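A short worksheet on the structure shown next.
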Amino acid sequence: MKPFIIAFCAAGVALLSGCVNGPTSSGPYSVTAYKPKNPENVRVKVSLSKQNVYVMEGDKMLMSAAICVGQPGHGTPTGNFLISSKIPDKRSGEYGFRVQSSGIVPAQVSAPISGNYVGYPMAWWCEFAPGYGFHQGFVWPMPRTHGCLRMHKSVAPKFYALVRSGTPVNIAQSQPEDATTNVPRPQDYRDPDPPASFLTSSAVFEKPSGQLLVEQP
């Protein structure tokens, strides 16, 4: 059910029609991300209709990946933005858990529930507007967030490495790259919920091993 993956940037409504774009991947999901020659020339393009993100350097595509976007009523804002902040180990200030002596229970920060509040992890946060950002999370095949743009756990750290404060972001219903780029979609949304003990620990922010960005051919 993904209660808090759904809750902090998610939807409770399953909108299935017209939302699956590109084949789904069976097994591990990974995309190639190329190292930019000039990081200042990197720009990000988001297609809401295709639920894809394209990271570009000029006409060169450095990375393309599936994302999950805002549901109706909580839509992802459109327009031109800049990456304003980056936090690799960000936690939600609104949704999360209360850690009690008897266990861990889901709770909003404002709920009158005893225990120490620990926000839901939003790893590899890259904010593009106040309260909106790219971050790691389950990538459903339908719009399901509260406006944030969620990326697969193998994609989020690569995106984080590609962008910097000031990187331009364009979010629109469609992008020219939609017609020429086939982006597989992961099936991580089928995975079981991680245990609350893991989600409230520092282990949830474990950094990936190996090289994130590869040299351009």
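The values are calculated or read from the model by the stated rules, or taken from the named source; none is laboratory data. Values in this document were obtained by computation on a predicted structure and should not be read as measured data. Using ideal geometry, Cβ is built from the backbone for each residue, glycine included, and neighbour counts are taken over all protein chains shown. Accessible surface is based on the protein model in full, side chains and every heavy atom, while ligands, DNA and RNA are left aside. Shrake-Rupley method; radii C 1.70, N 1.55, O 1.52, S 1.80 Å.
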Within the stretch 64-77, how many residues are buried (at least 21 other Cβ atoms within 10 Å of the Cβ) and within 17 Å of Phe128 (Cβ to Cβ)?
6
Within the stretch 143-159, can you find the residues that are in a loop (DSSP other than H, G, I, E, B) and open to solvent by less than 10 Å² (accessible area, probe 1.4 Å)?
Gly147, Cys148, Val155
Which of the residues belonging to the stretch 101-119 are open to solvent by 40 Å² or more (accessible area, probe 1.4 Å) and closer than 19 Å to Ala203 by Cα?
Ile104, Val105, Pro106, Asn116, Tyr117
Wholly within the stretch 17-124, which strands (runs of 3 or more DSSP E) include no fewer than the required count, namely at least 2 residues that are modelled with pLDDT under 95?
91-100
Which residue is most open to solvent (accessible area, probe 1.4 Å), if the candidates are limited to the stretch 169-214 and must be of a type in the set (Ser, Thr, Tyr) and closer than 21 Å to Ala66 by Cβ?
Thr180
So Ser114 ticks every box in (1) farther than 26 Å from Ser174 by Cα; (2) in contact (Cβ under 8 Å) with a residue 24 or more places away in the chain; (3) not β-branched (Val, Ile, Thr) but one. Which box is left unticked?
(2)
For Pro130, state whether it is surrounded by 15 or more Cβ atoms within 10 Å (Cβ to Cβ) and not acidic (Asp, Glu).
no
List pairs: first in the stretch 163-180 and touching a residue at least 40 places away in the same chain (Cβ under 8 Å) and assigned to a loop (DSSP other than H, G, I, E, B), second open to solvent by less than 20 Å² (accessible area, probe 1.4 Å) and among the small types (Gly, Ala, Ser), Cβ under 8 Å, 6+ apart or cross-chain?
Gln173/Ser47; Ser174/Ser47; Gln175/Ser47
